[in-house]
Amino acid sequence: GSWIEALNGIASSAGGYLQPHASEKRFRVIHRFPVAPWKWLDAAQPVVPEFVLPVDAVSRESIRWLQKPAYNRVFVSGQERGVLGQVTRAGTAGDVLAPMVVDSLITDAVAARQRGIAILADTGQQVEVTLRLPVLEETGIIEPGAFVQYRDGMVDRLGLVRSTQVEAGFPEVWQTLGVWSPASASSAASP
């Protein structure tokens, strides 16, 4: 295959993806779930959003609820010479197995663990929201992979930006964000 296919294969084998730099000829490898969703609201180390979106500037364009199997254990294996990793979500019985993943690039326990976390993170009840807001001076263009906090009715939600679309017109520039979060990543809004 091509060089980009090889790079993407390496990144995805450990649960990541490639993100091109906006102005330079380079990529960043970003983990699909930089923090496991069940740890987002952890009292000891909660995720601090990189952007708190202003309530009066954001409009919710769409919302989609997803219900995926609630897996809490997965086996991740290399192919011929890799490792076999058992990844279990802490605090669970590990009794709901996800389909086993076999990838020739899983050659280290760290890669197996990261891939397992990515698989277990994409389970249970989830919400995908499309938010539209102007490109503000304080936020700039918000790139995929950023944590954002936004108001949804009377609830403050924490989400992970999965896509960004920019519309440039005169005199304003708008961005539409595809934001993913587990249904549990919300708290009552303060008045």
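Ala168 meets all of the listed conditions (1) surrounded by 15 or more Cβ atoms within 10 Å (Cβ to Cβ); (2) within 22 Å of Ala22 (Cβ to Cβ) but one, namely (1).
Hey, does the stretch 55-78 have a residue that's more than 27 Å from Gly159 (Cβ to Cβ), of a type in the set (A, V, I, L, M) and assigned to a strand (DSSP E or B)? No.
In the set (1) without any contact (Cβ under 8 Å) to a residue 40 or more places away in the chain; (2) among the polar types (S, T, N, Q); (3) outside any strand (DSSP E or B), Ser163 fails one condition alone, (3).
Listed here are the residues, each with its yes/no results for (1) of a type in the set (Asp, Glu); (2) under 30 Å from Arg60 (Cβ atoms).
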{"position": "Gln86", "(1), (2)": "no, no"}
{"position": "Asp103", "(1), (2)": "yes, no"}
{"position": "Asp108", "(1), (2)": "yes, no"}
{"position": "Arg113", "(1), (2)": "no, no"}
{"position": "Glu137", "(1), (2)": "yes, yes"}
{"position": "Gly140", "(1), (2)": "no, yes"}
{"position": "Ala146", "(1), (2)": "no, yes"}
{"position": "Gln149", "(1), (2)": "no, yes"}
{"position": "Glu172", "(1), (2)": "yes, yes"}
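For the stretch 1-28, the candidate set comprises residues that are assigned to a loop (DSSP other than H, G, I, E, B) and either within 29 Å of Leu120 (Cβ to Cβ) or β-branched (Val, Ile, Thr) (or both); within that set, the residue that is farthest from the chain's Cα centre (by Cα) is Gly1.
A short reminder: the numbers here are calculations on the coordinates, not readings from a lab. Since the structure is predicted, the reported quantities are computational estimates derived from the model, not experimental observations. Here Cβ is always computed from backbone atoms with ideal geometry, including for glycine, and neighbour counts include all displayed protein chains.
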